[in-house]
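> Encoded as structure tokens, here's the structure I'll be asking about.
Just so you know, all these numbers are worked out from the coordinates, no wet-lab data involved. No experiment lies behind these values; they were computed from the predicted model shown. As a convention, Cβ positions derive from the backbone with ideal geometry for all residues, glycine included, and neighbour counts pool all protein chains shown.
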Amino acid sequence: MTSSSTVIKSCLDILRRLDPAETEKHLENLTNLISNDDISDELYQRVDVPLKVLEDVNADDRKFLACDHNRDGDSHRSPWSNTYFPQLQDGFCPSEHLRQLELHANEVFDIYRELYFGKLTSVSSVYLWDKEANNGANNNDGTAGFSGAFLIQNKVDNGSYWNSIHVVDVGRIERGGMCQYKLTTTILISVSPSELGMESTRITGSLVRQNDRECKISSQDSSSSIGSQHIVNIGKFIEDVETEMRKEMDSLYIQKTKNVVDMIRKDTMKPTQGQEHTRVLNEAVLTMAMNRKTKISGK
């Protein structure tokens, strides 16, 4: 009997060889072939797909992002009203302390999203949850650590999109007030030309980076102040990593692709080597014909 790790590895190998723009469809097809629900759930957790936008009817139709981090069954939790859509009884929700911190993080991250991606085309969401390693320990003071997902989607009319998925693990505040943050960032990008008359061209791919950082936390302050310090530290961390990855994608991947396309593209405004050769042959044939005609006339 094939082990679950072997099945997961095989599925990941298959997905790496398929069109990234169709990852969600390919993932669904693979899970349909797997009879084990646990393996299917793990595969969904291991593979990032483009984020979906839903609306919270309980919060004035405010938009939020759906992903595996706010999913319970077939329903997704809104960070604005803390309710599931479609409606779900007894769905997972964060503790009261984390819920207040989650609301604050969403408001702050929403400002970050507007500054970097614009107000009209982008959506952001933040989801927080208690870590299982706490084993039910009291985390009301914010010192026991937690985990969270910070999400951004920016999508334009021609189908191009930018998805940022930042999953952060916040450690326990140690002696001396130092706290460790581990960040896993995944960027999904798809770019299509908007010029009319151009043939279908699309650049699609993903980039994943893992980073960690230690920051100072003043544990003498109140629990709300500790939570605010966490948000500031995470925000700076995400901004630094996302900026660096954006530069890396632009200078390395996109520019390299552009250089390759420029090398193989034929400019129809200038004669190519083959066209020049044909022109010379035509002129030679015409010259020979004219010379022959002149000789015949001379006779």
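> How big is the convex hull of the Cα atoms of region 88-130, per residue, in Å³?
78
> Tell me, what HN-Hα J-couplings in whole Hz come from the Karplus equation 6.51 cos²θ - 1.76 cosθ + 1.60 at θ = phi - 60° for each residue of region 59-74, using x for Gly and Pro?
Karplus-based 3J(HN,Hα) across region 59-74 equals 9, 6, 6, 5, 7, 8, 9, 9, 8, 5, 7, 10, 9, 9, x, 9 Hz.
> Something else now. Provide the three semi-axes, in whole Å and in decreasing order, of the ellipsoid equivalent to region 1-55 as defined by the square roots of 5 times the Cα gyration tensor eigenvalues. It would help to have the intermediate numbers written out before the result.
Numbers: eigenvalues 84, 37, 16 Å².
Whole-Å semi-axes of the equivalent ellipsoid: 20, 14, 9.
> Taking amide H positions as placed 1.01 Å from N in the peptide plane, with prolines and chain starts having none, which residues 5 or more places from residue 76, or on another chain, fall under 5 Å of its amide H?
85
> With the cut-off at 20 Å, tell me which of the pairs 216/236; 131/155; 52/155; 52/119; 63/155 have Cα atoms farther apart than that.
131/155
> Continuing with this model, one more query. Quick check: pseudo-label points 7 Å beyond the Cα along Cα→Cβ at residue 247 and residue 83, how many nm apart are they?
With each label placed 7 Å out from Cα toward Cβ, I get 4.5 nm.
> Explain nothing, just compute: Karplus ³J(HN,Hα) = 6.51 cos²θ - 1.76 cosθ + 1.60, θ = phi - 60°, for every residue of region 3-8 in order, whole Hz, x for Gly and Pro.
6, 5, 5, 5, 5, 4
> Also: Report the one residue of 115, 146, 53 whose Cα lies farthest in the direction of the positive end of the charge dipole of region 1-152 (charges on C-beta: Lys and Arg +1, Asp and Glu -1; origin at the Cα centre).
Farthest towards the positive pole: 115.
> Also, quick follow-up: If packing is taken as the mean number of other Cβ atoms within 10 Å per residue, what is the order of 169-175, 3-9, 204-210, 144-150, highest first?
Ranked by mean Cβ neighbours within 10 Å, highest first: 144-150, 169-175, 204-210, 3-9.
> Roughly how many debye, to the nearest 20, is the charge dipole of region 1-84 about its Cα centre, given +1 on each Lys and Arg Cβ, -1 on each Asp and Glu Cβ, and no other charges?
Roughly 260 debye, rounded to the nearest 20.
> Using r as the Cβ-Cβ distance of residue 3 and residue 24, and R0 as 22 Å, what FRET efficiency do you calculate, to the nearest 0.05?
0.25
> On to the next question. Seen from all sides and averaged, what is the projected area of the convex hull of the Cα atoms in region 31-95, in nm²?
If I average the Cα hull's projected area over directions, I get 5.2 nm².
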